[in-house]
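See below for the structure under consideration.
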Amino acid sequence: MFGLRFPINTREHTGSWYAATAAREVDYPTLENDIEADVAVIGGGFSGVNTMLELTERGDQVVLLEANRVAWGASGRNGGQIIGGLGHDPDKFRSQIGAEGVRRIYDMGVECVEIIRERVARYAIDCDIRWGYCDVALKPKHMDWFRETQQEQREAAYPHELVMLDGDEVKEFVGSERYLGGLYNANGGGHLHPLNLCLGEAKAAVGQGAQVFEQSKVIAIEHGERVTLRTERGSVRAKRVVLCGNAYMENLVPRLASRVLPASTCMIATEPLGEAMAHEVLPRDVAVCDPRTALDYFRRTKDNRLLFGGLSNYTGLVPVDYQSVMVDKMLKVFPQLEGVKIEHAWDGQMGISINRMPQLGRLADNVYYVQAYSGHGVAPTHIMARIIAEAMHGESDRFDMLSSIRHMAFPGGKYLRRPAYAVGMSYFKAKDYL
Ligand SMILES: Cc1cc2nc3c(=O)[nH]c(=O)nc-3n(C[C@H](O)[C@H](O)[C@H](O)COP(=O)(O)OP(=O)(O)OC[C@H]3O[C@@H](n4cnc5c(N)ncnc54)[C@H](O)[C@@H]3O)c2cc1C
């Protein structure tokens, strides 16, 4: 059936393949009383959980409040693609942060991937991590972009090798006739089970003394020398607070809501394909993305399913029958999967910013926030969390540089910003066809 609808959410995990295979050992309690903490974090996605972990590792007593479940939002629903880099084009901020600032952002784009690598190893997090990432080209101009990226990264002393692939070589990575070539990164990107990574990171923090409360939505913030966060049934009074609700934070802080646009994207998971078909489809088991505004992204799972994502919609709505739209998209890439059963379909909201750079800053001396990774946050959330923790512990260089980047509010006010931006983005989507 044609048409768009609002996403349907409950306070439990969505019906994703990730939720069906989650290594979830506990339900964290709901906050039922009034407590104190050094730091209180709002939101239990990668941003919030890693901020909690970084601060706990530095000795702070941290409380995290999650409205639903740990990694209930984008962090537990995404494509699981580990993609380096921060923002879509750091160079365009040169006039605001200088050449040195741009270089530091490139370095952060490398470090964010390394944090995941180290964290998985240090805490022995079982999240099916695999290395290898491939951009694929649908048009000659995409190949030009990949060559430019290769050159830029070389100049920025990127530590991993990027290999251009021609039309025959790309088939060694993706069993499809659709692509003209690609750009392969063997070790600087990859894929994993994001829900299990986030659960493992939360467990690591709790093991060192942090406290997590689920189904404990923050409904009010009272500012002051100590900040009080009120939930429906309790409160946390903390010296400092970090807001990490991203695209799901609604209007808790209108100033932040006006700068992040929740956009939807959808995913499907096939039934297990069997070793032979899984190998035919993705012979080298890498994560794959094309470079369009409304991109396709896909990868294999440990049990040889194909996870296929796409259908970004800047109104935040999803097609009523998005599963069949996604199947059509998948069959355009892999016609050999005709007739394969789809066992899971789900959607999620990512936070978009106008300039495509994550927003990091402070609402007051003791109230920090981070949001708006613009569709690419699995790795970047990890470095942002580290930079917030550094700033709270007296090393604020990186925080100050990033928070000096200007972020505009979306025009159109509370009710019109979604349709206004969706119309704007349809221009870029139309350009994908040229
Ligand atoms: C379907 C999908 C596919 C994606 N694929 C990729 C990918 O392959 N690679 C990639 O790099 N990025 C991808 N992304 C983007 C990436 O997932 C996000 O950038 C990242 O997870 C953002 O993490 P976060 O912690 O900031 O936000 P979220 O994970 O959305 O977490 C925010 C949390 O805050 C909670 N919250 C909100 N308000 C309150 C409140 N008032 N009180 C308490 N809690 C609150 C929410 O319940 C939620 O759990 C994808 C996103 C989606 C939706």
Q. Only one residue in GLY309, GLY377 is under 26 Å from PHE6 (Cα atoms) and open to solvent by less than 10 Å² (accessible area, probe 1.4 Å), so which one is that?
A. GLY309
(Q) Looking at segment 125-148 only, could you name the residues that are surrounded by fewer than 18 Cβ atoms within 10 Å (Cβ to Cβ) and part of a helix (DSSP H, G or I)? (A) PRO140, LYS141, ASP144, TRP145, ARG147, GLU148
Q: For PHE46, indicate whether it is within 20 Å of the chain's Cα centre (by Cα) and either among the hydrophobic types (A, V, I, L, M, F, W, C) or in the same structural domain as GLU214 (by TED's automatic domain parsing) (or both).
A: yes
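If I ask for residues that are open to solvent by less than 10 Å² (accessible area, probe 1.4 Å) and modelled with pLDDT of 95 or more, which ones from segment 261-281 would you list? Break it down into steps so the answer makes sense when it comes.
In the first step, residues of segment 261-281 are kept if they are open to solvent by less than 10 Å² (accessible area, probe 1.4 Å); the result is 261, 263-264, 266-270, 278, 281.
Answer for segment 261-281, where residues must be open to solvent by less than 10 Å² (accessible area, probe 1.4 Å) and modelled with pLDDT of 95 or more: CYS266, MET267, ILE268, ALA269, THR270, ALA278, VAL281.
Filter segment 219-250 down to the residues that are closer than 20 Å to ARG11 by Cβ, hydrophobic (A, V, I, L, M, F, W, C) and in contact with a Ser or Thr (Cβ under 6 Å, 6 or more places away or on another chain) and list them by number. Steps first, please.
First, the residues of segment 219-250 that are closer than 20 Å to ARG11 by Cβ: 219-220, 229-236, 243-250.
Filter once more, so that each one left must be hydrophobic (A, V, I, L, M, F, W, C): 219-220, 229, 236, 243-244, 247, 249.
Within segment 219-250, just CYS244 meets the criteria.
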(Q) If ASP328 satisfies all but one of (1) touching a Leu at 6+ places or on another chain (Cβ under 7 Å); (2) farther than 27 Å from THR51 by Cα; (3) open to solvent by 10 Å² or more (accessible area, probe 1.4 Å), what's the number of the condition it fails? (A) (1)
Q: Mind listing whichever residues of segment 346-356 are within 12 Å of the ligand (Cβ to nearest atom), open to solvent by less than 30 Å² (accessible area, probe 1.4 Å) and not hydroxyl-bearing (Ser, Thr, Tyr)?
A: TRP346, ASP347, GLY348, GLN349, GLY351, ILE352
(Q) Return the residues of segment 197-222 that are among the small types (Gly, Ala, Ser), in a loop (DSSP other than H, G, I, E, B) and open to solvent by less than 20 Å² (accessible area, probe 1.4 Å); say none if nothing qualifies. (A) ALA210, SER216
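Quick check on LEU55: is it within 22 Å of GLY245 (Cβ to Cβ) and in contact with a Cys (Cβ under 9 Å, 6 or more places away or on another chain)?
Here the answer is no, as LEU55 does not meet what is asked.
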**Q.** Subset of segment 26-67 (residues that are within 13 Å of the ligand (Cβ to nearest atom), of a type in the set (Val, Ile, Thr), within 18 Å of SER235 (Cβ to Cβ) and open to solvent by less than 20 Å² (accessible area, probe 1.4 Å))
**A.** VAL41, ILE42, VAL63
Q. So which of ARG240, ARG284 ends up being among the basic types (Lys, Arg) and surrounded by fewer than 22 Cβ atoms within 10 Å (Cβ to Cβ)?
A. ARG284
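The values are calculated or read from the model by the stated rules, or taken from the named source; none is laboratory data. Everything quoted here is computed from the prediction, not taken from an experiment. Cβ atoms come from the backbone with ideal geometry, glycine included; neighbour counts cover every protein chain shown. Keep in mind that these areas ignore ligands, DNA and RNA; they rest on the heavy atoms of the full protein, side chains included. Shrake-Rupley method; radii C 1.70, N 1.55, O 1.52, S 1.80 Å.
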